[in-house]
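Working notes, beginning with the structure itself.
The values are calculated or read from the model by the stated rules, or taken from the named source; none is laboratory data. Computed from a prediction, not measured in an experiment: that's the story for all the values here. Because the Cβ atoms are built from the backbone with ideal geometry, glycine has one as well, and the counts that use them run over all protein chains shown.
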Amino acid sequence: MIDVAGNSNEVLQIVEPGQPAEQDDFTTFATRVADHGQVLNRLCLDTLQINVGKLCNQACHHCHVDASPIRTEIMTKETVDHLLEFLSQSKVQAVDLTGGAPELNPHFRYFVERIRQMGIKVMVRCNLTVIFEPGMEDLPAFYKRHDIELVCSLPCYLEDNVDEQRGRGVYQKSIDALRTLNAIGYGQENSGLFLHLVYNPVGTSLPPGQEELEADYKRELKARFGIVFNSLYTITNMPIKRFGDFLKRRGLYQHYMNTLVQNFNVQTLNGVMCRSLVSIDWEGNIYDCDFNQMLEMHTFDQPMKVWDLIPEELIGDKIRVGNHCFGCTAGAGSSCGGELV
Ligand code: SF4
Ligand code: SF4
């Protein structure tokens, strides 16, 4: 056991590599927030982040959704229609579609078209390789037609690192996909078609500085392949689900949690994504964020469908937190839009 410098009531259990570490033994995130005189509540509802299902054409090591080609949880059209009704009554400015690979949901295109008809911005978390799946040939043109903002995973500009985390051959396919998207205007200056890339560490470190890494990515991808993009988002790996299991198997869970806790940065609290969005699962249930969704930590004491609520009711609510939240507040912070401070 060690004391964390500057915080006498913080006690962390260090587990030797190879030893199991099933229990968290940290001063809680909630206590840490309260110690700084802060209350974590929702300030506004700008964005609805919607997970349309866990089906994915990949099965990456770090995936906090446990998505894969064999998952069967998928949003139905009935749920899509309920969500469209909710959106029509809300002041939500952006819908962030995630999965799995959201494009593999059979109602994806219907959903996007209706959201765009309401004048709401659509962002899609695209894994790049999905555009080469059968039946997805016209996906890039669909993205462009509906002015979809693409947020695409590319955890490194080097082939070995990408393939290690996301599977053999994923790097080359990702490069081919980026070229295809560039060719129709995505990521090109003044095209208005936004293409952002997402970096997450391959191992157990925190992400490096976003600005410097973005410059590295831009230089390397341009030089090697002529690829351009708008922004790079650096995201910290969350110690839950597949990545959490990986850490425990390797005896690194406590070590990683220590890193997150020791790098707690109070300045990130204003920007954590739960302040301005809610997360919806494939059945329409509401959560404070995508990570809480994966941990089945519902916003309210019992599961609630978002369409059973009035949008304004969600503003001001206290957010349900757990020790995984240290993943959002370590270092420069981490959100679905990258660094926070
Ligand atoms: S990280 Fe993304 S691409 Fe990889 S398995 Fe999960 S949802 Fe699919
Ligand atoms: S994990 Fe979710 S609830 Fe916790 S700080 Fe991050 S966004 Fe907020």
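If I ask for residues that are part of a loop (DSSP other than H, G, I, E, B), away from ligand 1 (no atom under 16 Å from the Cβ) and crowded, with 20+ Cβ neighbours inside 10 Å, which ones from region 325-339 would you list? Give the derivation first.
In the first step, residues of region 325-339 are kept if they are part of a loop (DSSP other than H, G, I, E, B); the result is 331-334, 336-337, 339.
From what's left, away from ligand 1 (no atom under 16 Å from the Cβ): 331-333, 337, 339.
Gly331, Ala332, Gly333, Glu339, listed by residue number.
I need a count of the residues in region 65-97 that are closer than 30 Å to Tyr256 by Cβ and either surrounded by fewer than 23 Cβ atoms within 10 Å (Cβ to Cβ) or touching an Asp or Glu at 6+ places or on another chain (Cβ under 7 Å) (or both).
First pass over region 65-97, keeping only residues closer than 30 Å to Tyr256 by Cβ: 65-71, 73, 96-97.
Subsequent filtering for residues that are either surrounded by fewer than 23 Cβ atoms within 10 Å (Cβ to Cβ) or touching an Asp or Glu at 6+ places or on another chain (Cβ under 7 Å) (or both) retains 65-66, 68-71, 73.
The qualifying residues number 7.
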Quiz item: If you go through region 137-179, how many residues are modelled with pLDDT under 95, over 20 Å from the mean Cα position of the chain (by Cα) and among the β-branched types (Val, Ile, Thr)?
Solution: 0
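Where residues in region 288-297 are free of Cβ contacts under 8 Å to residues at least 60 places away in the same chain and not acidic (Asp, Glu), which of them is nearest to ligand 2 (Cβ to nearest atom)? Reasoning before the result, please.
Let us first name the residues in region 288-297 that are free of Cβ contacts under 8 Å to residues at least 60 places away in the same chain, namely 292, 295-297.
Remaining after also requiring not acidic (Asp, Glu): 292, 295, 297.
Numbers: Asn292: 5, Leu295: 9, Met297: 8 Å.
Top of the filtered list is Asn292.
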Practice problem: Show the residue pairs that are 6+ apart or on different chains and have beta-carbon atoms under 7 Å apart, the first residue being within region 275-287 and more than 16 Å from ligand 1 (Cβ to nearest atom) and assigned to a strand (DSSP E or B), the second being among the charged types (D, E, K, R) and modelled with pLDDT of 95 or more. | Solution: Leu277/Asp46; Val278/Asp288; Asn285/Lys305; Tyr287/Asp281
Exercise. Quick one: count up the residues across region 246-284 that are over 18 Å from the mean Cα position of the chain (by Cα) and among the charged types (D, E, K, R).
Key: 4
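A quick yes/no check of all residues on (1) in contact with a His (Cβ under 8 Å, 6 or more places away or on another chain); (2) of a type outside the set (A, V, I, L, M, F, W, C); (3) surrounded by 20 or more Cβ atoms within 10 Å (Cβ to Cβ); (4) in a helix (DSSP H, G or I):
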{"residue": "Asp160", "(1), (2), (3), (4)": "no, yes, no, yes"}
{"residue": "Arg168", "(1), (2), (3), (4)": "no, yes, no, no"}
{"residue": "Gly187", "(1), (2), (3), (4)": "no, yes, yes, no"}
{"residue": "Val198", "(1), (2), (3), (4)": "no, no, yes, no"}
{"residue": "Ser205", "(1), (2), (3), (4)": "no, yes, no, no"}
{"residue": "Glu214", "(1), (2), (3), (4)": "no, yes, yes, yes"}
{"residue": "Arg224", "(1), (2), (3), (4)": "no, yes, no, yes"}
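Looking at Ile115, is it more than 16 Å from ligand 1 (Cβ to nearest atom), surrounded by 17 or more Cβ atoms within 10 Å (Cβ to Cβ) and part of a helix (DSSP H, G or I)? Walk me through it before giving the result.
Working: more than 16 Å from ligand 1 (Cβ to nearest atom): yes; surrounded by 17 or more Cβ atoms within 10 Å (Cβ to Cβ): yes; part of a helix (DSSP H, G or I): yes.
In short, yes.
Tell me yes or no: at least one residue of region 124-137 is under 23 Å from Ile286 (Cβ atoms) and either touching a strand residue (DSSP E or B) at 6+ places or on another chain (Cβ under 7 Å) or more than 16 Å from ligand 2 (Cβ to nearest atom) (or both). Write out each step before concluding.
Just the residues of region 124-137 that are under 23 Å from Ile286 (Cβ atoms), to begin with: 124-125.
From what's left, either touching a strand residue (DSSP E or B) at 6+ places or on another chain (Cβ under 7 Å) or more than 16 Å from ligand 2 (Cβ to nearest atom) (or both): 124-125.
Yes, some residue in region 124-137 is under 23 Å from Ile286 (Cβ atoms) and either touching a strand residue (DSSP E or B) at 6+ places or on another chain (Cβ under 7 Å) or more than 16 Å from ligand 2 (Cβ to nearest atom) (or both).
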Exercise. Examine region 98-107 for a residue that is outside any helix (DSSP H, G or I), in contact with a Ser or Thr (Cβ under 6 Å, 6 or more places away or on another chain) and crowded, with 19+ Cβ neighbours inside 10 Å, and state whether such a residue exists.
Key: no
